[in-house]
Amino acid sequence: MQTVLPLEKMTREEKLRIMEELWADLSRDESQFESPAWHGDVLRERVKEFESGKEAFLDWDEVKKQLRDKKK
């Protein structure tokens with residue numbers, strides 16, 4: 001099945017909504033995904049940086065708000 005979307009006619013918000021819907025659908029069955037080996041290395045390094053105080057977690061809703069505010 002081939003689906004054609006009128007991308008040139010869609011707004012940025014419409015495109016993002018479709019991307020979010022696609023990702024939600026693709027990520028429903030996590031057992032079908034296998035993370036690459038380097039993923040574990042990156043995650044361990046980030047945990048180490050967080051524990052040492054070099055990095056901090058940010059609230060996702062706040063990050064989205066900051067990005068949207070920056071866009072204006």
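Contact map, the stretch 35-63: residues that are without any contact (Cβ under 8 Å) to a residue 40 or more places away in the chain and surrounded by 10 or more Cβ atoms within 10 Å (Cβ to Cβ) paired with residues that are charged (D, E, K, R) and part of a loop (DSSP other than H, G, I, E, B), Cβ distance under 8 Å, separation 6+ or inter-chain. Pairs shown: R46/E55; E49/E55. Only residues that are of a type in the set (G, A, S) and not in a helix (DSSP H, G or I) were counted across the stretch 26-72, and they come to 5. Within the stretch 1-27, being among the acidic types (D, E) and loosely packed, with under 10 Cβ neighbours inside 10 Å holds for E8, E13, D25.
FYI, it's all coordinate maths here, none of it is from the lab. The model shown is predicted, which means the values in this text are computed figures rather than measured ones. Cβ coordinates were reconstructed from backbone atoms using ideal geometry, including for glycine residues, and neighbour counts include every protein chain displayed.
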